[in-house]
Amino acid sequence: MTKRQLPRGGFTLVELLVVIAIIGVMVGLLLPAVQAAREAARRMQCSNNLKQIGLAMHNYHDSMGRFPATYASCCWGTWNVLIMPYIEQGNVSTLYLNWGGTDATGPRYGAAPNSTNVTGRRYASFSCPSDQENAPIGTLTNHNYAVNFGNTSISQANLNGVVFGGAPFVGNHLRKIGFRDVIDGTSNTLMVGEVRQGQRSDLRGFTWWGDASQFSTYLAINSPLPDRIYTLAYCNPVRGMPCDASTAANPTMFASRSQHPGGVNTGLCDGSVRFYSNSLDLNIWRALSTSAAGEVIDSSAL
Amino acid sequence: MNVLTERSAFRATPVASQLYWSYRWLGKTLALLAIFLATASTPGCSGTADGRVPVAGEVKLDGQLLDRGSIEFHPLEPGGMITGGMVTQGKFDIPAEQGAKPGKYQVRVFASGETIAADPNLPPGPQTDTAVSAERIAAKFNVNSELETEIGPTGNQGLLFEVSGP
């Protein structure tokens with residue numbers, strides 16, 4: 001009796017199914033990894049922006065003998081305009097009228113010609129590619145970097161038991177703060193941090209406006225507690241960005257937030273850029289933001 | 001299993017050892033796949049690695065669910081971390097990644113009152129940095145809080161805090 005062998009040219013069903021399953025698993029593993037690689041690249045771009053801003057701050061200090069002023073009250077310019085000449089945006093900064101002025105001397109940040117020449121444009125150096133771009137009012141743009149206002153709120157006073165420990169940036173634009181005032185050490189003090197751009201009419205990240213040009217560390221990194229803005233009209237609490245109206249116990253303050261998984265990029269006063277994780281102890285985060293409180297920061301806790 | 005019966009039906013006279021090896025091969029592959037999938041779907045090292053636990057519950061203001069506010073937990077024992085979250089329609093839910101470490105906490109509840117009118121189509125003007133809304137909750141529940149709670153080792157889900165106005 002002759003045994004007829006089946007032709008062995010093709011694949012069996014089982015072989016095909018197994019191969020398909022393995023490919024499925026590999027694709028499933030690979031695709032999210034590709035997206036993560038993209039995010040890693042965006043984060044790198046974002047930290048590069050912080051580095052450039054840090055260098056610009058240092059060059060500004062070399063020229064002027066002080067850090068740039070944070071803002072001139074609400075409406076007459078913020079630090080973004082002051083450091084523009086140091087990030088090769090000098091042509092734009094010369095078009096900005098009335099920095100440090102009043103209503104009697106010229107336009108505000110949101111009025112023509114400032115709105116068309118300066119504040120209505122988007123600047124890649126001030127934008128984190130991981131975040132969604134937004135223009136909350138007309139063409140006026142939100143951006144992603146704010147300066148360190150210390151460990152309490154915009155009023156830079158003691159708050160609910162937290163003692164204000166000094167900051168490299170202050171509210172009064174005539175007060176000259178420089179490296180000599182960073183007593184805790186430039187490598188232990190934050191300079192610039194990330195904030196997220198408020199969406200729709202939300203004014204978080206509206207850094208042309210005095211209030212939103214700074215952040216503080218009373219709230220933790222990417223805090224589940226709300227940022228405080230003076231009116232709910234400018235508060236749009238999307239996911240990861242809770243906000244509420246300012247009160248006496250919680251005055252206007254903005255936490256450092258980002259779209260990067262797990263934390264925020266931060267520029268320090270020495271020009272270095274570090275990534276801090278969401279799980280960083282709030283007390284250490286606050287200690288990092290103070291410029292003259294004398295805390296000892298254990299680097300193993302970072 | 002279907003696949004296997006089909007396959008054995010397809011081969012009218014399977015050699016016993018051949019079938020045995022293909023079964024065994026399939027079994028091995030499936031086991032490997034299962035290991036892969038289990039590894040991929042394990043939550044892994046995120047979240048509770050630092051000993052944080054979830055905290056959730058309700059807040060009532062004068063007997064009614066608090067429509068909008070925030071709740072903070074401040075540690076009363078060393079080693080704790082400040083945490084908190086938004087209160088929406090009376091409920092708060094803080095996931096483990098942002099949760100509290102087990103221990104005793106002081107609880108602070110805040111809720112802003114009437115908001116300041118503003119036109120969202122115009123850029124804000126002066127005095128916005130000092131403008132504040134009224135606080136709807138008495139100081140003994142927030143800045144001078146007498147509220148305390150204990151967070152258990154696996155977190156708390158049904159906390160209830162009753163607060164009143166000033």
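Each label point was placed 7 Å from the Cα along the Cα-to-Cβ direction; for A:ARG274 and A:THR139 their separation is 4.1 nm. Each residue of segment A:197-205 was assigned a 3J(HN,Hα) from its phi angle through the Karplus curve 6.51 cos²θ - 1.76 cosθ + 1.60 (θ = phi - 60°); the sequence is 7, x, 9, 6, 8, 6, 8, 6, x Hz, with glycine and proline shown as x. Close amide-amide hydrogen proximity is noted between A:TYR145 and A:VAL195, each under 5 Å apart and 5 or more residues distant or on a separate chain (H modeled in the peptide plane; Pro and chain starts excluded). For A:MET191, the residues whose amide H sits under 5 Å from its own are A:GLY267, A:LEU268, A:CYS269, ignoring neighbours fewer than 5 places away on the same chain, with H placed 1.01 Å from N. Put simply, when A:197-206, B:127-136, A:211-220, A:184-193 are sorted by average Cβ atoms within 10 angstrom per residue, most first, you get A:211-220, A:197-206, A:184-193, B:127-136. Length available on full extension from B:ASP62 to B:ILE116: 0.36 nm per residue minus the Cα-Cα distance, which gives 17.1 nm. Distances between placed amide hydrogens fall under 5 Å for B:LYS60 paired with B:LEU66, B:PHE161, B:GLU162, B:VAL163, all partners being 5 or more residues away or on another chain. Inter-part distance, segment A:25-63 to segment A:145-161, computed on C-alpha centroids, equals 27 Å.
Run the numbers for A:ALA111 and A:LEU13: contour at 0.36 nm per residue of separation, minus the present Cα-Cα distance, in nm.
On the way: separation 98, 0.36 × 98 = 35.28 nm, distance 7.09 nm.
Once the chain is fully extended between A:ALA111 and A:LEU13, it gains 28.2 nm.
Remark: segment A:129-144, residue by residue, has Karplus-estimated 3J(HN,Hα) of x, 7, 9, 7, 6, 8, 10, x, 10, x, 9, 5, 9, 8, 9, 10 Hz, where x stands for each Gly or Pro and the curve is 6.51 cos²θ - 1.76 cosθ + 1.60 at θ = phi - 60°. Taken over segment A:14-295, the ratio of Cα radius of gyration to 2.2 N^0.38 Å equals 1.07. With the highest mean first, a sort of the peptides A:62-68, B:82-88, A:275-281 on other beta-carbon atoms found within 10 angstrom per residue produces B:82-88, A:275-281, A:62-68. The string of couplings for segment A:39-47 from the Karplus curve (6.51, -1.76, 1.60, θ = phi - 60°) is 5, 4, 5, 5, 5, 5, 4, 5, 6 Hz, one whole number per residue in order, with x for Gly and Pro.
Read the figures in this text as sums done on the coordinates, not as results from a lab. Model, not experiment: these values are computed from the prediction. Cβ sites come from the backbone with ideal geometry, for glycine too, and all protein chains shown count toward neighbours.
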